[in-house]
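> Starting off with a structure, shown below.
Bear in mind that the values in this text are calculations on the coordinates, not laboratory data. Keep in mind it's a predicted model, so treat the numbers as computed, not measured. All Cβ positions, glycine included, derive from the backbone under ideal geometry; neighbour counts span all protein chains shown.
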């Protein structure tokens with residue numbers, strides 16, 4: 001056997017294995033003749049269009065992708081293991097670091113899960129504040145997606161507009177929590193701090209700028225012939241396959257399925273807000289673009305409603321055994337000092353049980369499964385992250401398309417590797 | 001013989017007719033129902049739930065380690081039905097050396113979740129097409145989410161490629 005034949009034979013043997021893999025793609029017999037022309041290419045883990053450290057092993061015939069195998073785990077930091085070693089309140093900063101583009105949604109999901117186990121009632125003002133901040137977070141996350149995915153395809157200008165606007169949102173977060181990105185602002189029992197003075201005018205001003213910025217990008221892209229050529233009819237997968245593979249969020253809505261945890265299982269008084277769940281049926285990269293653009297407008301709508309109707313009252317629950325007391329009370333009242341000491345040193349105990357809490361993160365269904373064994377440390381925290389579920393479909397979605405289109409498809413999936421690997 | 005809480009549930013009755021005594025117990029958690037399924041029946045129950053119960057999507061699979069109590073592991077399946085806007089949790093308890101049937105043939109999306117449970121807990125899934133580590137490097141020793149695996153400490157590993 002010559003050297004070339006041996007190489008072909010070994011590739012063939014590899015494919016016998018690969019055909020068994022349902023996440024991979026079967027190679028049709030007529031394509032096997034081109035085996036000798038095949039090239040295996042590593043995209044990543046250090047490739048700009050993978051937005052992090054994702055490695056995709058591509059099997060190419062010329063420029064056509066025959067088979068794509070995503071490899072994850074390069075950003076695995078053991079967050080779930082670290083959660084088990086900490087007290088309930090110490091887990092909140094870890095949830096920030098899972099999906100670093102939508103940390104408030106992660107905070108909210110964890111807080112809701114723990115509150116359900118504790119049976120805590122959250123006052124309306126804190127709930128509305130959570131909704132407003134989560135929608136601002138959705139806006140900032142979608143702006144990052146818009147800028148980077150447009151830049152991947154070659155449109156440079158939206159990147160500057162979106163990052164200009166996102167910076168204003170991050171300044172709001174800094175105003176609230178002292179941190180731009182890792183806010184840890186939503187905690188079990190309410191909010192971390194009292195909302196700062198002057199937040200109302202600041203948010204109102206930023207929101208007015210923001211909708212202008214979104215429309216600017218809309219004018220740049222929506223009817224742009226190059227954008228249309230690059231995105232229309234690319235990255236299509238049948239709807240039942242998408243559901244089977246575990247895809248959630250805007251990708252599913254762009255395929256015509258009206259699913260949104262904010263409507264289906266309302267939490268934090270989302271049912272009091274008036275907003276639409278945008279859907280499209282084209283199921284390509286362009287449809288996902290349209291859905292996310294519309295979602296941003298809906299988020300602006302929700303933030304405006306929250307600004308107009310923000311209830312007054314306490315910003316956290318009345319639960320002295322869970323929440324740290326006021327600094328002033330601590331200096332004057334013995335009980336507050338005792339509670340402070342106990343919460344800081346021992347933490348608070350959560351009744352034994354388990355809960356699976358779902359919220360709608362900018363990327364799809366975000367679920368926290370928290371198991372309590374009755375102590376002050378969670379027994380297990382599982383994060384059902386939307387990026388993990390969505391990324392699983394990458395292999396099926398890249399099959400048979402051009403290498404340059406793969407960048408557009410990956411951009412439209414909007415995954416965050418910190419969210420995937422945890 | 002179905003547990004009393006779901007004796008009137010038509011989906012549970014269908015499951016029980018096809019696979020008798022596959023549902024061992026039922027509990028109501030704060031967020032909804034949990035069905036405890038016999039270990040050897042999990043793939044069958046999942047198939048019935050998908051085909052006649054309307055649970056189109058598997059949201060996730062994860063494990064819980066109850067070491068040192070026995071049986072040690074609990075594997076959780078999170079099912080989601082868009083049609084009925086319903087969620088259901090399935091729980092399977094198993095000993096350290098026992099294996100589970102893979103549900104990849106029911107939902108393709110189970111692939112990575114089962115790999116993750118194998119990687120982090122060391123639970124093996126029968127009939128999984130590609131049961132390899134997914135988070136940790138391929139030559140890693142041990143399963144990090146087990147309770148007897150330390151949180152702190154250093155171990156260096158460089159994959160030989």
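> Counting only other chains, what is the mean number of Cβ atoms within 10 angstrom of the Cβ of each residue in peptide B:121-130?
2
> Would you mind pulling out the separation of the Cα centroids of the stretch A:304-319 and the stretch A:368-422, in Å?
33 Å
> Could you please rank A:211, A:65, placing first whichever residue has the fewest other Cβ atoms within 10 Å of its Cβ?
A:211, A:65
> So how much slack lies between residue A:345 and residue A:232, counting 0.36 nm per residue of separation and subtracting their Cα-Cα distance, in nm?
Working: separation 113, 0.36 × 113 = 40.68 nm, distance 5.70 nm.
So the extension gain works out to 35.0 nm.
> Below 8 Å between Cα atoms, with a sequence gap of 6+, how large is the relative contact order for chain A in percent?
25 percent
> What order do you get for A:40, A:345, A:162 when you list them from fewest to most C-beta neighbours inside 10 Å?
In increasing order of surrounding Cβ atoms, one gets A:345, A:40, A:162.
> Mind checking the angle between helix B:110-121 and chain B's longest principal axis? C-alpha axes, 0 to 90 degrees, to the nearest 10.
So the inclination is approximately 50 degrees.
> If you take the square roots of the eigenvalues of the alpha-carbon gyration tensor of the stretch A:56-152 and sort them as a ≥ b ≥ c, do you get rounded (a/c under 1.5), prolate (a/b over b/c) or oblate?
Working: a/c = 3.48, a/b = 1.73, b/c = 2.01.
It is oblate, given that a/c is not under 1.5 and a/b is not larger than b/c.
> On the Cα set of the stretch A:326-398, report Rg and Dmax in Å, please.
My reading of the Cα-based Rg and Dmax gives 19.5, 64 Å.
> Put a dot 7 Å past each Cα toward the Cβ at residue A:77 and residue A:222; how far apart are the dots in nm?
3.8 nm
> In terms of the Cα gyration tensor, with a ≥ b ≥ c the square roots of its eigenvalues, is chain B rounded because a/c is under 1.5, prolate because a/b exceeds b/c, or oblate?
Because a/c hits 1.5 or more and a/b exceeds b/c, chain B counts as prolate.
> How many nm separate the modelled label positions at residue B:70 and residue B:7, each set 7 Å beyond the Cα in the direction of the Cβ?
It works out to 3.3 nm between the two label points.
> On a 0 to 90° scale, report how tilted helix A:334-345 is relative to the longest principal axis of chain A, with both axes built from alpha carbons and the result rounded to the nearest 10.
20 degrees
> Here is a further query. For n ≥ 4 DSSP H runs only, could you compute -39500 (n - 2.57) per run for chain A, divide by its residues and tell me the 222 nm figure to the nearest 500? Write out the running numbers ahead of the final one.
On the way: 18 runs with 213 residues, N = 422.
Computed mean residue ellipticity for chain A: -15500 deg cm²/dmol.
> Still on this structure: Within the stretch A:130-170, list the residues whose amide N lies under 17 Å from a label point set 7 Å along Cα→Cβ of residue A:41.
A:152-154
> Now for a different question. Roughly how many Å is it from the Cα centre of the stretch B:52-115 to that of the stretch A:105-184, as a whole number?
31 Å
> Which whole-number percent of Cα pairs in the stretch B:1-88 have a distance greater than 20 Å?
33 percent
> Taking every residue in B:25-35, how many Cβ atoms of other protein chains lie within 10 Å of its Cβ, on average?
Mean shielding by partner chains, rounded to a whole number: 3.
> Stick to Cα atoms and the Kirkwood definition of Rh, then tell me Rg/Rh for the stretch A:261-403.
1.10
> Binning at 5 Å from 0, report for the stretch A:220-269 what percent of all alpha-carbon pair distances ends up in each bin.
Once binned at 5 Å, the Cα pair distances of the stretch A:220-269 give 4, 16, 20, 16, 16, 13, 9, 4, 1.
> Shifting gears a bit: For peptide B:73-80, what's the mean number of Cβ atoms from other chains within 10 Å of each residue's Cβ?
Mean partner-chain Cβ count within 10 Å for B:73-80: 3.
> Now for a different question. Does anyone have the angle between helix A:124-153 and the longest principal axis of chain A? Alpha-carbon axes, 0 to 90°, nearest 10?
20 degrees
> Here's another thing I want to ask about it. Can you tell me how the protein assembly as shown classifies by the Cα gyration tensor, rounded, prolate or oblate, using a/c under 1.5 as the rounded cut?
Taking the square roots of the gyration eigenvalues as a ≥ b ≥ c, the protein assembly as shown is oblate.
> For the protein assembly as shown, give the share of DSSP beta bridges that are antiparallel, in percent and rounded to the nearest 5; count only bridges with both residues there.
Percent antiparallel among DSSP bridges in the protein assembly as shown is about 90.
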